[in-house]
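Novice: One structure follows; several queries about it will come next.
The values are calculated or read from the model by the stated rules, or taken from the named source; none is laboratory data. Every value quoted in this text rests on a predicted model; they were computed, and no experiment measured them. Counting neighbours? That spans all protein chains shown, and the Cβs are built from the backbone with ideal geometry, glycine included. In case anyone asks, the SASA skips ligands and DNA or RNA and just uses the protein heavy atoms, side chains included. Shrake-Rupley method; radii C 1.70, N 1.55, O 1.52, S 1.80 Å.
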Amino acid sequence: MTGCLLAPSLFLLYIEALSSFLNSWHLNLRGLLVPHSHQSLMDIEFADDTAAYLQGDLENLQKLESGLAV
C-alpha cells in the first residue's frame, strides 16, 4: 500500500480554497466569457489538475501572478 489515505481529502480542501480565491472579488480577474450566457469561466479542476481560463491581456496575467505569489 502506498501513499497517504488523507492526501485526497487535503488536496480537495486546498483546491476548493484556490478556486474560491481565484473567483474572489478583490483579485478582480476576468475569466473567459461563455457564449450565449452571462457567465464567465475562471478555473476548472479535475483529479489533480487545475487550469485557469482568463481573458488574454497582460494586466489579467499580472493580477494572477501577484495573487498566487507567496
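Novice: I'm trying to understand the selection: among the residues of region 1-46, which are in a loop (DSSP other than H, G, I, E, B) and farther than 23 Å from ALA69 by Cα?
Specialist: Matches in region 1-46: MET1, THR2, GLY3, CYS4, LEU5, LEU6, VAL34, PRO35, HIS36, SER37, HIS38, GLN39.
Novice: Follow-up. Name the pairs: first residue in region 37-62 and within 16 Å of ALA17 (Cβ to Cβ), second residue among the hydrophobic types (A, V, I, L, M, F, W, C) and surrounded by 11 or more Cβ atoms within 10 Å (Cβ to Cβ), Cβ to Cβ under 6 Å, at least 6 apart or on different chains?
Specialist: Pairs found: MET42/LEU22; ASP43/LEU22; ASP43/ALA52; GLU45/ILE15.
Novice: What single numbered condition from (1) within 10 Å of the chain's Cα centre (by Cα); (2) open to solvent by 100 Å² or more (accessible area, probe 1.4 Å); (3) at pLDDT below 85 fails to hold for GLU16?
Specialist: All conditions are met except number (3).
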